[in-house]
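Inspection log for the structure reproduced underneath, given as structure tokens.
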Amino acid sequence: MAWGQRPVTLTLALAVLVAAVGCGNQEETTLPDTPGGGQVAAPQQGGNGGEGEAEGLKTPELLITLPNELVNTPDAMYVLPDGNLYLTVPNFNNLEQQPLVMKITPENEAEVFYMLPDHPDTGEPFGSLGIWGAPDDDLFVCDYQMTAEGMGRVVRILVEDGEAVGSRAVITGFNIPNGLIVHEGHLYVADTALDTEQTPVISGVFRFPLEDLEGEEPVQLAENLLEDPYLIGTIETHDETLPLGADGLCFDPEGHLYVSNFADGTIHRFEFDEQGQVVSNTIFAEADFMKSADGLEYDPVTGVIYVADSRANAVQVVYPDGSVRTLAQNDDTDGADGSLDQPCEIRLRGRELIVSNMDWPVPGTINTEHDEPHTLSVIHLDD
């Protein structure tokens, strides 16, 4: 891809883009030690995922090494009830490799699920970010077109008998469609940069009734995304080095929506009235050591939210009172032993917390270079 074709406003935005989050049925476990009293707990950075680890931190282990011939940039994940896991692979580190969706089996074996076709209008590779289950066993996947503002899409992968049989666009007109999640008959999509000309940068969250996505033609968003009727809320990002905002999404049992603000490293909470209208949009959690906020995952067993902190090479825990603690962290590594290597997404599979290591360096990250291998890590929450 010709880097010179990229609009200036999206050059920085290209730096990192990631995925969506959610929850599932879990077994009983022990709640991680809470800081208590709503206070922020200062973390201690560990070593290379093993020896020298700071007291109280979990040690990530290797879940799977992904095949180099197919993968150079893993990203978002979605877990089925049977333990199969779908992984989007945008391959941003080497655009000569075709983007795809992989399936990771419960036995942690990787296989190709669907090779993603180029964008029909731009002719550029599919920029696969967030992924989530759609009705009829289909999958929703975000497509970020980094060289063309306003050409981002949500695409539905059509699935029959467990096999992908095709795809079609269901929403068009995004800038950076990133995290997405289905909740109570609606699809929620985070666009990480609605208006990159404005300072601070504006990002936001859109909500679509699932029935609106069943038509033969995709939903076309307004040219001015800030005026689109599907937009339910916006977020400001003040970090001048990386204008990337709304990213990961998750819900708690009370129906509150949590949205990560990537570059500012904050977690926002949207609250709704009985008619589904947003009545508040506030910063729920922040900490000086939470350097970014990428993928989110709500844990229905413990009531905490896990945060992929790409810049700090860490997984953070946000408690119900908004306090924050570091769950796992390590220095700059290649991830071969399961150490974190710029985590972008976390997903619960039982009491395993699976971490996708994007390994796509951006300003301010501990991770300094893209290198092999390309991995998923796992943190055993009950150990």
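Distance between the pseudo-spin-label points of E227 and E69 (7 Å out from Cα toward the beta carbon): 5.2 nm. Per residue, the average separation of C-alpha pairs within less than 8 Å and at least 6 apart gives the chain a relative contact order of 21 percent.
Counting only Cβ charges, +1 for Lys and Arg and -1 for Asp and Glu, the dipole size of the chain around its Cα centre is about 460 debye.
Each helix, a run of at least 4 DSSP H residues, gives -39500 (n - 2.57); summed and divided by the residues of the chain, these come to 0 deg cm²/dmol at 222 nm. Amide H contacts of G233 (H built 1.01 Å from N, in plane; Pro and chain starts excluded): V205 sit under 5 Å, all sequence-distant by 5 or more or on other chains.
Neighbours of A164 by Cβ distance under 14 Å: Lys/Arg scored +1, Asp/Glu scored -1, total -4.
Within the stretch 175-251, the GluC sites (Glu not before Pro) that combine a DSSP coil assignment with at most 15 other C-beta atoms in a 10 angstrom radius are E184, E197, E214, E216, E223, E240.
Going from the fewest other Cβ atoms within 10 Å to the most, the residues F262, F208 appear in the order F208, F262. Return H268, H374, H238 ranked ascending by Cβ neighbour count within 10 Å, so the fewest neighbours appear first. Exposure proxy ranking, most exposed first: H238, H268, H374. Each other residue within a Cβ distance under 15 Å of F126 adds +1 if Lys or Arg and -1 if Asp or Glu, for a net charge of -3.
Using DSSP to define loop residues, name the GluC sites (Glu not before Pro) in the stretch 269-347 whose beta-carbon has at most 11 other beta-carbon atoms within 10 Å. Answer in residue order: E274.
What does the charge count around V324 come to, taking other residues whose C-beta lies under 12 Å from its C-beta (Lys +1, Arg +1, Asp -1, Glu -1)? It works out to a net charge of -2. Each label was represented as a point 7 Å from its Cα along the Cα-to-Cβ direction; for L80 and D137 these points are 0.7 nm apart.
Full extension of the chain between T199 and E254 yields a length gain of 16.5 nm, computed as 0.36 nm times the residue separation minus the alpha carbon distance. In terms of surrounding Cβ atoms within a 10 Å radius of their Cβ, L225, L249 rank from fewest to most as L225, L249. Within the stretch 335-372, whose backbone N sits under 14 Å from a point 7 Å along Cα→Cβ of N94? Of the residues in the stretch 335-372, 370-372 have backbone N under 14 Å from the label point off N94. Just need log10 I(q)/I(0) for the chain at q = 0.07, 0.10 Å⁻¹, Debye formula, equal scatterers on the alpha-carbon atoms, no solvent, rounded to two decimals. Ignoring solvent entirely, the Cα scatterers give -0.26, -0.55.
Between T122 and E217, the modelled labels are 2.2 nm apart [label points 7 Å from Cα along Cα→Cβ].
A short reminder: the numbers here are calculations on the coordinates, not readings from a lab. On a predicted model such as this, the values are computed, not experimentally measured, just so you know. As a convention, Cβ positions derive from the backbone with ideal geometry for all residues, glycine included, and neighbour counts pool all protein chains shown.
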